[in-house]
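J.: This structure is in structure tokens; I'll ask about it shortly.
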Amino acid sequence: MKDGMFVFDCVVHTQDFTERQVAPGTDGRNVTAHRENQASFNKLMASKGGPTDKPDFYDPVDPEWANAQLFERSDTDIAMVQTVPLFGPWKDSLGPAQLCYDLTRVNPDRLIFCGGVDPSWQGVDFALREMERQVHEWGAKSFKFYTYQDRNHSWAADDREIAYPLYEKALELGIKMIQFHKGYPLGMHPVEAFKPNDLQMAAYDFPELNFGIHHMGDPYVDETISIVGRFPNMHLMLPLWFNQYFLQPYPMLHRIGQALLFIGPDRLAYGSEGFIWPDIQAYIDMWANLEMPEELQDRYGYPELTREIKEKVFGLNFARALGYDIPSQYTGGEGS
């Protein structure tokens with residue numbers, strides 16, 4: 001806990017984009033581009049005070065190291081390990097489900113598995129069976145989706161034949177929240193493929209299901225905030241915002257201010273995107289101590305960052321949307 005506030009990290013990963021992940025028959029440019037982009041980001045983060053001695057991010061993280069980063073070297077209480085079901089140029093997806101599940105096994109009481117499938121790459125029937133398997137065998141509590149794999153494999157979140165069976169299966173399996181990567185293409189993919197617009201009718205048609213949207217849809221931030229603000233079962237996951245704050249604090253204050261103004265404080269969730277930058281505690285300290293400048297409050301109507309808002313974003317919102325009962329040791333003896 002951070003100063004008595006429950007901390008639930010909505011997304012950490014173990015990823016693999018080494019050379020062994022280049023899919024047969026592809027030229028490897030996407031894998032290389034993603035690696036180079038990440039290396040540039042890491043170098044920039046290091047120049048702003050981030051660690052320079054971190055392990056090679058391109059290999060899957062060592063589970064024991066990851067466990068220590070979260071629970072010995074930071075105030076994180078619970079974290080969700082999210083599959084990255086991005087296939088196409090990656091042989092076994094960018095963040096393989098098996099690797100992510102294996103990571104949760106190092107500390108199953110504090111690491112929660114988020115599964116992932118893709119109906120365009122794997123086929124709808126296979127994806128539905130795999131959802132069942134990941135819930136029944138691996139205990140998946142949510143699912144992560146990427147709606148673009150390559151130019152021959154993509155789908156829309158409001159497609160009744162491809163997408164809606166996934167949502168129906170999720171509800172059948174007792175899943176309360178599904179999650180989508182929007183914006184920020186991982187590699188040399190068209191950014192237009194990750195616009196958030198297709199989530200609108202899906203959220204409308206499945207009001208009993210919560211939809212988590214990641215990365216504020218960057219670069220479609222205004223559209224994403226507008227959409228999430230209008231659909232009460234949509235939630236904004238804030239990884240990337242936390243990463244970018246250290247590089248561009250003033251623009252990020254505007255983004256969080258707009259999100260709080262138009263969405264409110266009840267549907268925003270903290271996420272570190274570990275272990276891209278492994279100093280997880282830096283994100284936690286930043287949010288705990290962050291203040292909205294009075295100038296921005298006066299000029300734009302942004303709210304003050306109160307302790308109540310920080311507590312909600314730190315973990316209470318995500319736990320509620322996920323249908324997760326917060327253990328009593330984090331609630332003063334009463335579950336949530």
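A short reminder: the numbers here are calculations on the coordinates, not readings from a lab. Bear in mind the structure is a predicted one, so any value in this text is a computation, not a measurement. Note: ideal-geometry Cβ built from the backbone for every residue, glycine included; neighbour counts use all protein chains shown.
J.: When the dipole is taken about the Cα centre of region 207-278, and only Lys, Arg (+1) and Asp, Glu (-1) are charged at their Cβ, what size is it in debye, to the nearest 20?
T.: 100 debye
J.: Starting from the Cα of Leu171, step 7 Å along the direction of its Cβ; do the same at Glu208; then give the gap between the two resulting points in nm.
T.: According to this spin-label approximation, the distance is 0.5 nm.
J.: Using +1 at the C-beta of Lys and Arg and -1 at the C-beta of Asp and Glu, which of Ser40, Phe113, Gln69 has the Cα lying farthest in the positive direction of the dipole of region 8-330?
T.: Towards the positive end, the residue furthest out is Ser40.
J.: Just subtract the alpha-carbon distance of Glu161 and Arg105 from 0.36 nm times their residue separation and send over the number in nm, one decimal.
T.: Stretched out fully, the Glu161 to Arg105 stretch lengthens by 16.7 nm.
J.: Mind checking which of Ile227, Ile284, Gly25 is farthest towards the positive end of the chain's charge dipole, using Cβ charges of +1 (Lys, Arg) and -1 (Asp, Glu) about the Cα centre?
T.: Gly25
J.: Below 8 Å between Cα atoms, with a sequence gap of 6+, how large is the relative contact order for the chain in percent?
T.: Relative contact order for the chain comes out at 19 percent.
J.: To the nearest 20 debye, what charge dipole does the chain have about its Cα centre, counting +1 at the Cβ of each Lys and Arg and -1 at the Cβ of each Asp and Glu?
T.: With Lys and Arg at +1 and Asp and Glu at -1, about 260 debye.
J.: Something else now. What ranking of His254, His136 emerges when the number of other C-beta atoms within 10 Å of each C-beta is taken as an exposure proxy, fewest first?
T.: Final ranking by Cβ density, sparse to dense: His136, His254.
J.: Rounded to the nearest 5, what is the percent of antiparallel bridges among the DSSP beta bridges in region 8-330?
T.: For region 8-330, the DSSP antiparallel bridge percentage is about 15.
J.: Next question, about the same structure. Got a sec? How would Thr224, Thr83 order by Cβ neighbour count within 10 Å, fewest to most?
T.: Thr224, Thr83
J.: May I pose another question? 222 nm [θ] for the chain, helices only, -39500 (n - 2.57) per DSSP H run of 4+, per residue, to 500?
T.: Value at 222 nm, helices only, nearest 500: -11000 deg cm²/dmol.
J.: If you average over every viewing direction, what projected area does the convex hull of the Cα atoms of region 120-273 give, in nm²?
T.: The orientation-averaged projected area of the Cα hull of region 120-273 comes to 9.1 nm².
J.: Let me spell out the model: positive unit charges on the Cβ of Lys and Arg, negative unit charges on the Cβ of Asp and Glu, origin at the Cα centre of region 60-144. What dipole size does that give, in debye rounded to 20?
T.: Using Cβ point charges on Lys, Arg, Asp and Glu, region 60-144 gives about 160 debye.
J.: Arrange the following residues from fewest to most other Cβ atoms within 10 Å of their Cβ: Trp138, Trp287.
T.: The most exposed by this proxy come first: Trp138, Trp287.
J.: Under a crude label model (7 Å from the Cα following the beta-carbon direction), how far is Glu295 from Arg307 in nanometres?
T.: Result for the modelled spin labels: 2.9 nm.
J.: Let me ask something else about it. Among Asp75, Asp16, Asp62, which one shows the biggest mean-square fluctuation in a GNM of the chain, springs joining Cα atoms closer than 10 Å?
T.: Asp62
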